[in-house]
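Heads up, the thing below is written out as structure tokens.
The values are calculated or read from the model by the stated rules, or taken from the named source; none is laboratory data. Just so it is clear, the structure is predicted and the values come from calculations on it, not from any experiment. Note that we place each Cβ from the backbone using ideal geometry, even for glycine, and neighbour counts take in every protein chain shown.
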Amino acid sequence: MSKLKNKVAVITGGNSGIGFGIAQAFKNEGAKGAIIGRNQETLASAVAQLGNNFIAINADVTKVADLERVFKETSEKFGKIDVIVANAGGGAVGTVATIDEADYDKTMDLNLKSVYFTVQKGLPYINEGGSVILIGSNAAHRAYANFTLYGASKAAVIYFAKGFSSDLLDRKIRVNVITPGTTDTPAFEKFIPAEQIKAVKTQFASVMPTGRIGQPSDIGKTAVFLASDDSSFMLGAELLVDGGMTYLAN
Ligand SMILES: NC(=O)c1ccc[n+]([C@@H]2O[C@H](COP(=O)([O-])OP(=O)(O)OC[C@H]3O[C@@H](n4cnc5c(N)ncnc54)[C@H](OP(=O)(O)O)[C@@H]3O)[C@@H](O)[C@H]2O)c1
């Protein structure tokens, strides 16, 4: 398979979960590139699994100077950049009654500011005709308990795909967004006590129209499509990869 043969990608959060699933799918289609994260251990293990055509860069996507370094280093290593995946994200859970100013700022910095500046700092390096892929969430479309701020930040990311595509028309850079539903990643460990994780995943699967939650590979296959020339007529689009959760579940 070589849908992405010789394409160079930068994948933020490529050392875990959905980002790693995207990196593996890209690798399987002949791409090379850089994965970005802060955890040196998971960066090292992910890049070891991806092989010699990938590098790991330790950087904080909420810091603009780090993002400038990421694109400079990737471009110096591979000579060009064709695809940017702004995947790193997460943030505080809680309600409007509980999330304080510090957690508000952290969540918006990670989910919104980082996406804006990942794209902006990639612009001097990405080729004309390049593909930018953003990662939304179906929490932007349904009100889930405790995910109000997160959902709002992802609604803005979904808008960015349209706005950035319009801004970048003259360079023929396409920006699209993948909106995952509940996906089986280490993110669960950040919100749920270890002994409850299995039960919570089973509960999520039971309400999914497809009877299962998503896997990072489900998002990886969709990202391959958006990164490849097969999607050359798509820009500003949102692809919902949620097992039917958003519109079909009760
Ligand atoms: N899992 C789901 O059900 C789901 C559903 C919808 C949308 N999403 C979205 O999918 C994306 C990936 O989530 P996931 O579930 O795969 O979570 P995950 O396994 O926890 O991965 C999050 C990734 O983001 C990176 N990251 C976080 N903060 C960072 C920072 N300041 N600088 C650099 N990297 C940073 C992490 O790396 P380090 O820890 O090394 O920094 C990690 O690689 C997120 O945008 C999330 O909102 C997930």
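Meeting the requirement of 2 or more residues that are surrounded by 22 or more Cβ atoms within 10 Å (Cβ to Cβ) and near the ligand (Cβ under 8 Å from one of its atoms), the strands (runs of 3 or more DSSP E) wholly within the stretch 8-87 are 32-37. The single condition among (1) closer than 19 Å to ILE173 by Cα; (2) of a type in the set (Gly, Ala, Ser); (3) assigned to a helix (DSSP H, G or I) that ALA152 does not satisfy is (1).
For the stretch 155-175, the candidate set comprises residues that are within 15 Å of the ligand (Cβ to nearest atom) and in contact with a strand residue (DSSP E or B) (Cβ under 8 Å, 6 or more places away or on another chain); within that set, the residue that is nearest to THR210 (Cα to Cα) is ILE158. In summary, ALA92 fulfils each of the numbered conditions (1) buried (at least 18 other Cβ atoms within 10 Å of the Cβ); (2) over 19 Å from ILE133 (Cα atoms); (3) touching a strand residue (DSSP E or B) at 6+ places or on another chain (Cβ under 7 Å) with the single exception of condition (3).
I'm trying to understand the selection: among the residues of the stretch 88-102, which are outside any helix (DSSP H, G or I) and either of a type in the set (A, V, I, L, M, F, W, C) or within 20 Å of ALA23 (Cα to Cα) (or both)? Answer for the stretch 88-102, where residues must be outside any helix (DSSP H, G or I) and either of a type in the set (A, V, I, L, M, F, W, C) or within 20 Å of ALA23 (Cα to Cα) (or both): ALA88, GLY89, GLY90, ALA92, VAL93, VAL96, ALA97, ILE99. Scan the stretch 131-145 for residues that are farther than 22 Å from SER166 by Cβ and within 10 Å of the ligand (Cβ to nearest atom) and the total you get is 3. Taken over the stretch 207-225, the criterion of being within 16 Å of LYS27 (Cβ to Cβ), within 16 Å of the ligand (Cβ to nearest atom) and hydrophobic (A, V, I, L, M, F, W, C) is satisfied by ILE219, ALA223.
Yes or no, residue by residue, for (1) among the β-branched types (Val, Ile, Thr); (2) surrounded by 21 or more Cβ atoms within 10 Å (Cβ to Cβ); (3) under 13 Å from the mean Cα position of the chain (by Cα); (4) modelled with pLDDT under 95:
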position	(1), (2), (3), (4)
SER131	no, yes, no, no
ALA140	no, yes, no, no
TYR159	no, no, no, no
ARG174	no, yes, no, no
GLY181	no, yes, yes, no
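Residue check: ILE178 meets all listed conditions (1) farther than 17 Å from MET234 by Cβ; (2) in contact with a strand residue (DSSP E or B) (Cβ under 6 Å, 6 or more places away or on another chain); (3) hydrophobic (A, V, I, L, M, F, W, C) but one, namely (1).
Note on the stretch 139-197: residues that are free of Cβ contacts under 8 Å to residues at least 40 places away in the same chain, among the polar types (S, T, N, Q) and over 26 Å from PHE20 (Cβ atoms) total 0.
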